[in-house]
Structures are given as structure tokens and as C-alpha cells.
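Below: the structure, in C-alpha cells.
Where a number appears in this text, it was derived from the coordinates with a stated rule and is not lab data. Remember, predicted model here, so these are calculated numbers, not experimental data. Here Cβ is always computed from backbone atoms with ideal geometry, including for glycine, and neighbour counts include all displayed protein chains.
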Amino acid sequence: MESKNIKQFIGLVLFVALISYVFLFRLSTIADAEIISQEEAPTKVFENKLLVFVSAQTGLSYSESQFMIDKCNKNDIELFMILGLIKKESDFDPDTTGNSGEIGLGQLMEKTARHYSNQLGYKYTKEATYDPKRNIDLAVEHISYLKQLYENDEHKILTAYNRGTKGLENYIRDQRSPFEDSSMSSYSVDVLKYRDEFKKEFEKYVSK
């Protein structure tokens, strides 16, 4: 009889211990989740503000703006430089067609758009290249290539985006730049000026 009572007592102790362990584990999990949530909160606020800012500055939808942000992050390209570039190229009008047939937000030449469309697995059509997401995808991809080619030299990247790689070579060779840096152009200076303006505006917006 005593042996039976001891077994029941041990069983009860084990049951209470198990319940206590489960309860403490759940408390620990909840506490960890709250800590993670608190750590993530400032990041989430910043990301939301960035999304709202990009959409307000460009007139693009939240979906299109988020696509631009994600594409720049993925390709390690500065978002504000892309904003400056698109401001210079099309003033954020996705339906813009240049005098030489340049297409959309990033004013892509058809040859360039076709090349990166094939590289990214798109079926190329000129009409599809006017789509903001598609155009951003191709333009950032081209900037990524130029960034690697010119080892992150901003003036070479931007002047080559505007003139083409061969055009940049000729520009430097013929010493056409009115600036000290032979790769600087009025185009690259304007884009970087816009970039800095967007940065300042965003800093003001975030600090509100």
C-alpha cells in the first residue's frame, strides 16, 4: 500500500514538474518574442517611412516603390542615387519616350532593355518596358553592371549610363569634361545633386 502511495506521489511530482516546465518555456518564448518585436519595431518604422517617402516623391504606387527599394537592396545599389537618376531621366513619368526612343522611367535604350530583359528572363517587348517595375528592374540591373565595371566610381557609372560605355571612353579620351575629374559630366553632377536633395528631404521626414 505504501509502495502504491509512493508511486502516486512520484507521479504527481513528475506531472507538476512537467507542467511547470511547459509554463516556464512558454513564458520564455513570449518574452523572447517581445524582445525581438521591440528590437524590430524601429526598423519597421524606418522601412515604412522610407516606403511612404519614395511613393510621395515619385508618384509611384506603394507596390512599385517597394519594388524599387527591394531591388536596390538586393543589388546593393544606393536607393537615393536611383531616385536622382530617374528624376533626371524622366522626372518619374513612366510613359516618357526620349528623342532617341529611350523608354520609361530610366529612359532605357531599346538595345539595353532587350539585353537585360533576356538576362533576367523576361520576354522583351517595348510596351512591357514602360511598366514601372520592369523598367526599374532593368535600369538597376544596368547600374549594377556599371558599378562593377567601374569599381563604384559614381561619375563613371552615371556618365556611362547616360552616354554608354563607349561614349564614356570617348568623353574621357577627348577631355570633354569641364570638371577636374575627366569622367564627371553635367549629367552625373545633376544626378548626384538630386540624390543629395532626396537624402536631405528624407532625413527631415524621418526626424519629424
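A few points about this structure:
- Long-range amide H partners of Ile103 with built H, under 5 Å: Gly98, Leu108, Met109
- Nearest-20 debye value, the range 52-208 charge dipole, Cβ charges on Lys, Arg, Asp, Glu: 180 debye
- Derived scalar couplings ³J(HN,Hα) [the range 119-124; Karplus, 6.51 cos²θ - 1.76 cosθ + 1.60; whole Hz; x for Gly, Pro]: 5, 8, x, 8, 7, 6
- Packing rank of 116-128, 146-158, where each peptide gets the mean count of other beta carbons within 10 Å, highest leading: 146-158, 116-128
- For the peptides 179-190, 84-95, the ranking by mean Cβ contacts within 10 Å, running from highest to lowest, is 84-95, 179-190.
- Note on Lys156: lysines with a C-alpha under 19 Å away, same-chain residues under 8 apart excluded, are Lys87, Lys88, Lys147, Lys166, Lys193.
- Within the range 105-119: backbone nitrogen closer than 19 Å to the Ser63 label point (7 Å, Cα to C-beta): 105
- Extension gain for Asn118-Glu78 works out to 12.0 nm (0.36 nm per residue, less the C-alpha to C-alpha distance).
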